[in-house]
Amino acid sequence: MNACVALLGGSFDPVHHGHIALARLFCDLLHPDALHVLPAKPWQKSSLEASDAARVAMLELAFRDTGLPVIVDQRELTRGAPTYTVETLRGLREELGPDASIVFLMGADQLQNLESWRDWQQLFALANIGVAARPGYTLEQEALPPAVAQELAPRLAPPEHVRTTPSGLVCLAHSLAVDISATGVRAVLHGSGASATDARAVMKTLVPPVVLDYIQQHNLYKS
């Protein structure tokens, strides 16, 4: 059987329970041989609060005991320039060959903005796409930008087909009910007047305890 490799990219500033839930959901659906988690230098965001090294360290801690086949892949950081997903997929396709199934994972919020990505229609020639619903965003065709909906409609396929097809298919997962954003996590970390004990209790519902410990030990996300 050909290899199946899933990719989860993002700023991870910081990594939170929503990222882990998305990774676990698609690992359960696709049973990939490896899940590459790729911290990015995103061109669509002007600045990141945590350093590259800190984001990598938090990812390694967050996924360490999940049992998922995670590789923290730093290729987008070592490139040194702002990241474009299409370039990353081209590089990975060259490495894995034409027959491997590559599945790029994203949330429904990213799907809504897919038209703003560089060469977004070329993504389907390089990989499959796995999209997870999240509260406030629907995966229904009529709610998507028309060009995106038109591109997705003929590509929809069940996970077992996506796992064995190199590229060009789309797997929709409607069962992710986690509503956490890194922006919201940073807002809590920046402080809202709550006591330290209350803030830590809230934070444990948003990020893994080992990540929270790292954030506090390294004084990250201070106002």
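The values are calculated or read from the model by the stated rules, or taken from the named source; none is laboratory data. Just so you know, these numbers come straight off a predicted model, no measurement behind them. Virtual Cβ from ideal backbone geometry, glycine too; neighbours counted across all protein chains shown. These accessible areas exclude ligands, DNA and RNA; they are computed on the full protein's heavy atoms, side chains included. Shrake-Rupley method; radii C 1.70, N 1.55, O 1.52, S 1.80 Å.
Right, ALA153: in contact with a Cys (Cβ under 8 Å, 6 or more places away or on another chain) and among the aliphatic types (A, V, I, L, M) or not?
Considered against the rule, which asks whether it is in contact with a Cys (Cβ under 8 Å, 6 or more places away or on another chain) and among the aliphatic types (A, V, I, L, M), ALA153 comes out as no.
Of the residues that make up segment 45-62, is at least one within 18 Å of PHE104 (Cβ to Cβ), open to solvent by 40 Å² or more (accessible area, probe 1.4 Å) and in contact with a Ser or Thr (Cβ under 9 Å, 6 or more places away or on another chain)?
no
Can you name the residue in segment 11-39 that is in contact with a helix residue (DSSP H, G or I) (Cβ under 7 Å, 6 or more places away or on another chain) and without any contact (Cβ under 8 Å) to a residue 60 or more places away in the chain and, of all such residues, is farthest from LEU92 (Cα to Cα)?
Out of the qualifying residues, it is PRO39.
In segment 127-165, what count of residues is obtained for those that are open to solvent by less than 40 Å² (accessible area, probe 1.4 Å) and part of a strand (DSSP E or B)?
Going through segment 127-165 one residue at a time, the tally reaches 5.
Can you report the number of residues in segment 166-186 which are in a loop (DSSP other than H, G, I, E, B) and surrounded by 13 or more Cβ atoms within 10 Å (Cβ to Cβ)?
Of the residues in segment 166-186, the ones in a loop (DSSP other than H, G, I, E, B) are 166-169, 174-181.
Those still in the list that are surrounded by 13 or more Cβ atoms within 10 Å (Cβ to Cβ) too: 166-169, 176, 178, 180-181.
Within segment 166-186, residues that are in a loop (DSSP other than H, G, I, E, B) and surrounded by 13 or more Cβ atoms within 10 Å (Cβ to Cβ) number 8.
Considering only segment 70-96, state which residues are hydrophobic (A, V, I, L, M, F, W, C) and open to solvent by less than 30 Å² (accessible area, probe 1.4 Å). Outline the logic, then answer.
Keep residues of segment 70-96 that are hydrophobic (A, V, I, L, M, F, W, C), which gives 70-72, 77, 81, 86, 89, 92, 96.
LEU77, VAL86, LEU89, LEU92 - these are the residues of segment 70-96 that are hydrophobic (A, V, I, L, M, F, W, C) and open to solvent by less than 30 Å² (accessible area, probe 1.4 Å).
If you go through segment 122-132, how many residues are within 10 Å of GLY168 (Cα to Cα) and either polar (S, T, N, Q) or free of Cβ contacts under 8 Å to residues at least 60 places away in the same chain (or both)? If you could, list the steps in order and put the result at the bottom.
Taking segment 122-132 first, the residues within 10 Å of GLY168 (Cα to Cα) are 122-129.
With either polar (S, T, N, Q) or free of Cβ contacts under 8 Å to residues at least 60 places away in the same chain (or both) added as a condition, the list becomes 122-126, 128-129.
Qualifying residue count for the region: 7.
Can you pull out the residues in segment 10-39 that are out of contact with any His (no Cβ under 9 Å at 6 or more places or on another chain), open to solvent by less than 10 Å² (accessible area, probe 1.4 Å), among the aliphatic types (A, V, I, L, M) and farther than 17 Å from PRO159 by Cβ?
Once the filter is applied, which keeps residues that are out of contact with any His (no Cβ under 9 Å at 6 or more places or on another chain), open to solvent by less than 10 Å² (accessible area, probe 1.4 Å), among the aliphatic types (A, V, I, L, M) and farther than 17 Å from PRO159 by Cβ, segment 10-39 yields VAL15, LEU38.
With the checklist (1) open to solvent by 30 Å² or more (accessible area, probe 1.4 Å); (2) free of Cβ contacts under 8 Å to residues at least 12 places away in the same chain; (3) more than 22 Å from SER175 (Cβ to Cβ) in hand, flag the one item GLY67 doesn't pass.
(3)
Across segment 4-30, what is the number of residues that are assigned to a helix (DSSP H, G or I) and not aromatic (Phe, Trp, Tyr)?
Residues in segment 4-30 being assigned to a helix (DSSP H, G or I) and not aromatic (Phe, Trp, Tyr): 13 in total.
Of all residues in segment 35-72, how many are assigned to a loop (DSSP other than H, G, I, E, B) and within 22 Å of ILE215 (Cβ to Cβ)?
Summing the residues that are assigned to a loop (DSSP other than H, G, I, E, B) and within 22 Å of ILE215 (Cβ to Cβ) in segment 35-72 gives 13.
Scan segment 107-126 and give yes if some residue there is open to solvent by 60 Å² or more (accessible area, probe 1.4 Å), in contact with an Asp or Glu (Cβ under 8 Å, 6 or more places away or on another chain), at pLDDT 95 or above and farther than 16 Å from LEU8 by Cβ, otherwise no.
Checking segment 107-126: at least one residue is open to solvent by 60 Å² or more (accessible area, probe 1.4 Å), in contact with an Asp or Glu (Cβ under 8 Å, 6 or more places away or on another chain), at pLDDT 95 or above and farther than 16 Å from LEU8 by Cβ.
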